[in-house]
Amino acid sequence: MNTTLQTPNQQGLDIRSTPRAEMNLYPLDTFPYEFPGKEIKINFEIPEFTCICPFSDFPDFATIRLEYVPHERCVELKSLKLYINAFRSVKVFHEHVINMILEDFVAACDPLSVEIEGDFNVRGNIKTTIRASYEKAEVRSQESGVSSE
């Protein structure tokens, strides 16, 4: 995804998302899950998420809801808070930020599954909710009776 190029638009605006390499996101730390094989669901609600709209340069506010089933690692909460708060100075579209959070979370924790929702505040009379999910391939194979070996 090349976000450094100007995106053409009908309004003639200079729309540039912050390049991924310049986002300076805090790394997600993890710790070992001591009960592998025992599935639990962990839910987070982050009601003060903020990023910057690439169109207007105004802040976008959302509640992020994240639910995951750990595999061998759990996310450490302070690092999650610092990671999420780092988006406050990032220009990014709603659709992209939810996918980025999902990708970074999966890379850090390698969960069995994760669901994320970005419930963005109304802007210009439009309410946006974005949902994305991930399920570990091994889990899908076992459920369907297909061996991944």
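Brief remarks on what is shown
- Residues of segment 97-111 satisfying the condition of being open to solvent by 40 Å² or more (accessible area, probe 1.4 Å) and either under 15 Å from THR50 (Cβ atoms) or of a type in the set (A, V, I, L, M, F, W, C) (or both): ALA107
- Every listed requirement among (1) polar (S, T, N, Q); (2) open to solvent by less than 60 Å² (accessible area, probe 1.4 Å); (3) modelled with pLDDT of 95 or more; (4) not in a strand (DSSP E or B) is met by SER56 save one, (3).
- Restricting segment 59-82 to residues that are charged (D, E, K, R) and assigned to a helix (DSSP H, G or I), the residue that is least open to solvent (accessible area, probe 1.4 Å): LYS81
- Hey, GLU34 at pLDDT 95 or above, open to solvent by 60 Å² or more (accessible area, probe 1.4 Å), over 21 Å from ASN121 (Cβ atoms) and touching a Phe, Trp or Tyr at 6+ places or on another chain (Cβ under 6 Å) or not: no
- For segment 116-149, the set of residues classified as surrounded by 13 or more Cβ atoms within 10 Å (Cβ to Cβ) and at pLDDT below 55 consists of SER141 only.
The values are calculated or read from the model by the stated rules, or taken from the named source; none is laboratory data. Being a predicted model, the structure only gives us computed values, none of them experimental. Using ideal geometry, Cβ is built from the backbone for each residue, glycine included, and neighbour counts are taken over all protein chains shown. Only protein heavy atoms, including side chains, enter the accessible area calculation; ligands, DNA and RNA are left aside. Shrake-Rupley method; radii C 1.70, N 1.55, O 1.52, S 1.80 Å.
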